[in-house]
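The values are calculated or read from the model by the stated rules, or taken from the named source; none is laboratory data. From a predicted model like this one, the values you see are computed outputs, not experimental measurements. Here the Cβ is made from the backbone with ideal geometry for all residues, glycine too, and neighbour counts use every protein chain on show.
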Amino acid sequence: MSVITVKRILRKAGAKPTSDRRYLLLRSFREISRRYFVREKSWELVIEILLFAVVVAISAWPIFAAADALNRFL
């Protein structure tokens, strides 16, 4: 059996709840992204970018070929 602990963030009486939530959400998102990119190796990112560029180039070629064929047809 496991125990679930819930922690509440205590706010000051004069603080706006919507702005606090938005700030906490942004701060949380930034922390997640920082932790992800710290662990991500830069050379892996470069390889992924190059492979993405190759896939985009291969998939764009038929579109340009079809546009050229339509240009010649018209």
For the stretch 26-42: of the residues being surrounded by fewer than 10 Cβ atoms within 10 Å (Cβ to Cβ) and hydroxyl-bearing (S, T, Y), which is modelled with the lowest pLDDT? S42
From the list L45, L51, which one is modelled with pLDDT of 90 or more, part of a helix (DSSP H, G or I), surrounded by 10 or more Cβ atoms within 10 Å (Cβ to Cβ) and not hydroxyl-bearing (S, T, Y)? L51
